[in-house]
Amino acid sequence: MGKYFGTDGFRGEANEKLTVEHAFKVGRFLGWYFGQNHQAKVTIGKDTRRSSYMFEYALAAGLTSSGADAFLLHVTTTPSVSYVVRTDGFDCGIMISASHNPYYDNGLKLINKNGHKMETEVEALIEDYLDGKTPDLPYAKRENIGRTVDYVAGRNRYTGYLISLATRSFEGKRIGLDCSNGSSFTLAKSVFDALGAKTYVINNSPDGMNINENSGSTHIEILQNFVREKGLDVGFAYDGDADRCFAVDENADVLDGDLILFVCGNYLKESGRLNSDTVVTTIMSNLGLYKAFDRAGIKYEKTNVGDKYVNECMVKNNYSLGGEQSGHIIFGKHATTGDGILTSLMIMEAMLEKKQSLAKLHEEVKIYPQVLKNVRVTDKKAAMENQKVASAIEDAASKLGDDGRILVRESGTEPVVRVMVEASTNEICNSYVEGVVNVMRKEGLISE
C-alpha cells in the first residue's frame, strides 16, 4: 500500500486529497516514463462526476506536455478502458473514477498495457515524483509535443465486443438495469437492446452530482423495488464505473458477488469451462459459499481483499473465474478486470442455457449471517499485534469451529480495524464481534 495509491488507484476528495496538480503530474510522469524509447500512447476514460472532466483535461495536459498522445474515450466504464488498452496497443490506460464513492470523491485507476492494474513498482515511482524525490522531467517541444485524440470509437468497439459474447438471444426476457447515474448509462441498455431483451432502465440521467446517490449496487433496494413493481425476470445494478454488479432475481432477492460466483462457477463447471474446477475468492467471501462449492465439487482459493489480488491469482494459475463479495467478478477468458455488464451477460447465459430462473440457480446456497463492525483505532498496527486482542480472536475462532468464522483485518485506506463474524444467527455473530471490540476498548486501542 503506497502513500497515494491503494489497491484500487489514487482516490480521495477532488481538489482536497486528489488535486488537479496531482493529475497533471501523474500525466507528466506516465508520458515521460512510457515515452523514453518511443512516442507513448495513453487512453483515458472517465465516469460522470463533475470533477472527472477537470481531471481528464489535467491528465491530457500532463501527458501531451511530456510528448505522449492522449486518446479520450470520454464517459465510459473501467473495463472498457482495460479492453481498449490491451486490444489497441496502448502503453497504458487511466480511468478517472472513485467507483462507488459519492460524487465529491474521485480517483485515478492506472491500467498497464496488458489490461491489468498497474504494477506497484510503477506506482511507487509516480509517488516519488509527486513528492519531489526525483528530478523534474523535461517538457516536449515543437513537433514532439503530444496530441489529444477523440477516441469514442474505442468505446464503441467495446460495446460491440460485449454483444458478440452472447451465444443466444435475450428475446422475451424482461430485464431491469440500474446504472447508478454512472458510466454504464452510455453502454448497458444498448447491449441488452441489441440482444433482444425488453430493457427497463433506472438511474441513467447523470448530472455530475447524482452518481451512486440512492442508486446502483450500493443501494440495491431501489432495484429490488423496481423488479417487484414491474414483474421483471431479473435486474442488474452497477456502481459508478461499472466494474461491479449485483443482481436481483424474479423474487426481488439480492445476489451479491458470492452468489454470482456460485451461479457462474457452477455453470462454467458443468460446461467444462471452469479451469481446474477452481474459483478464486477473497477472505471476505461467505462461509455458505464455500459449503455450496464443496457440495458442487468446486475448489476455491482465497486472496486478500481487492480484485487486483484476485486477478493476480487467476493469471498465475490460469483460473477462469474469480471475484469479490462486493461484486467485482472477473471472467478470465473475456476480461482482465471486474466487469459489471459482462457479469450480467454471463448470468443471462446461465439462465438461458439451463432454462432456469435466477432464483432456482442460487437456491442451494445458504448464506450465513454476517456481522461486520468497523472500529476506528489510534494505531492499526498496535491493535492487530495486541496479545489480548489476538487471544480474544483465537478464543472466538475455537468456539465457532466449523459452524462459523471470525476475521479481523485492518483497512487499507482508513485508521480502521474491521471485525467480521459469520455464524448461524445474528445474535451469535454480534456476541463475538462485541467480545473482540470490548477487549480493544479495554486495551485503550479505540479512538472514541
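The values are calculated or read from the model by the stated rules, or taken from the named source; none is laboratory data. Keep in mind the model is a prediction, meaning the values are calculated, not measured. Positions of Cβ are backbone-derived with ideal geometry, glycine not excepted, and every protein chain shown enters the neighbour counts.
Looking only at residues in region 93-138 that are of a type in the set (Lys, Arg) and in a loop (DSSP other than H, G, I, E, B), which one is nearest to Arg155 (Cα to Cα)?
By that ranking, first place goes to Lys113.
For the subset of region 432-448 comprising residues that are closer than 14 Å to Leu407 by Cα and not aromatic (Phe, Trp, Tyr), which member is nearest to the chain's Cα centre (by Cα)?
Out of the qualifying residues, it is Val433.
Quick check: is even one residue across region 23-45 surrounded by fewer than 20 Cβ atoms within 10 Å (Cβ to Cβ), charged (D, E, K, R), over 30 Å from Asn304 (Cβ atoms) and assigned by TED's automatic domain parsing to the domain that holds Gly115?
Among the residues of region 23-45, not one is surrounded by fewer than 20 Cβ atoms within 10 Å (Cβ to Cβ), charged (D, E, K, R), over 30 Å from Asn304 (Cβ atoms) and assigned by TED's automatic domain parsing to the domain that holds Gly115, which makes the answer no.
Only residues that are β-branched (Val, Ile, Thr) and farther than 21 Å from Gly115 by Cα: list them for region 7-59, please.
Residues satisfying the conditions are Thr19, Val20, Thr48.
Can you tell me which condition Ala382 does not meet? The list is (1) in contact with a strand residue (DSSP E or B) (Cβ under 8 Å, 6 or more places away or on another chain); (2) of a type in the set (A, V, I, L, M); (3) touching a residue at least 12 places away in the same chain (Cβ under 8 Å), and all the others hold.
The single condition Ala382 does not satisfy is (1).
Say whether the condition of being over 20 Å from the mean Cα position of the chain (by Cα), aromatic (Phe, Trp, Tyr), at pLDDT 95 or above and surrounded by fewer than 24 Cβ atoms within 10 Å (Cβ to Cβ) is met by at least one residue in region 64-87. Walk me through it before giving the result.
At the first step, the residues of region 64-87 found to be over 20 Å from the mean Cα position of the chain (by Cα) are 64-72, 87.
In the following step, the residues that additionally are aromatic (Phe, Trp, Tyr) were identified as 71.
Then keep just the ones that are at pLDDT 95 or above; that gives 71.
Now drop any that are not surrounded by fewer than 24 Cβ atoms within 10 Å (Cβ to Cβ), which leaves none.
No, there is no match, as no residue in region 64-87 is over 20 Å from the mean Cα position of the chain (by Cα), aromatic (Phe, Trp, Tyr), at pLDDT 95 or above and surrounded by fewer than 24 Cβ atoms within 10 Å (Cβ to Cβ).
Spot the failing condition for Ser184; the list is (1) in contact with a helix residue (DSSP H, G or I) (Cβ under 9 Å, 6 or more places away or on another chain); (2) surrounded by fewer than 18 Cβ atoms within 10 Å (Cβ to Cβ); (3) assigned to a helix (DSSP H, G or I), and only one is missed.
(2)
Yes or no: Ala252 surrounded by fewer than 24 Cβ atoms within 10 Å (Cβ to Cβ), among the hydrophobic types (A, V, I, L, M, F, W, C) and either more than 20 Å from Gly404 (Cβ to Cβ) or in contact with a helix residue (DSSP H, G or I) (Cβ under 6 Å, 6 or more places away or on another chain) (or both)?
Details: surrounded by fewer than 24 Cβ atoms within 10 Å (Cβ to Cβ): yes; among the hydrophobic types (A, V, I, L, M, F, W, C): yes; either more than 20 Å from Gly404 (Cβ to Cβ) or in contact with a helix residue (DSSP H, G or I) (Cβ under 6 Å, 6 or more places away or on another chain) (or both): yes.
It is true that Ala252 is surrounded by fewer than 24 Cβ atoms within 10 Å (Cβ to Cβ), among the hydrophobic types (A, V, I, L, M, F, W, C) and either more than 20 Å from Gly404 (Cβ to Cβ) or in contact with a helix residue (DSSP H, G or I) (Cβ under 6 Å, 6 or more places away or on another chain) (or both).
What pairs come out if I take residues in region 245-261 that are assigned to a loop (DSSP other than H, G, I, E, B) and pair them with residues that are of a type in the set (Phe, Trp, Tyr) whose C-beta lies under 8 Å away, six or more apart or interchain?
Taking only residues 6 or more apart or on different chains, the pairs are Asp256/Phe246.
Among the candidates Leu130, Leu125, which residue alone is modelled with pLDDT of 95 or more, closer than 30 Å to Gly332 by Cβ and in the same structural domain as Asn37 (by TED's automatic domain parsing)?
Leu125
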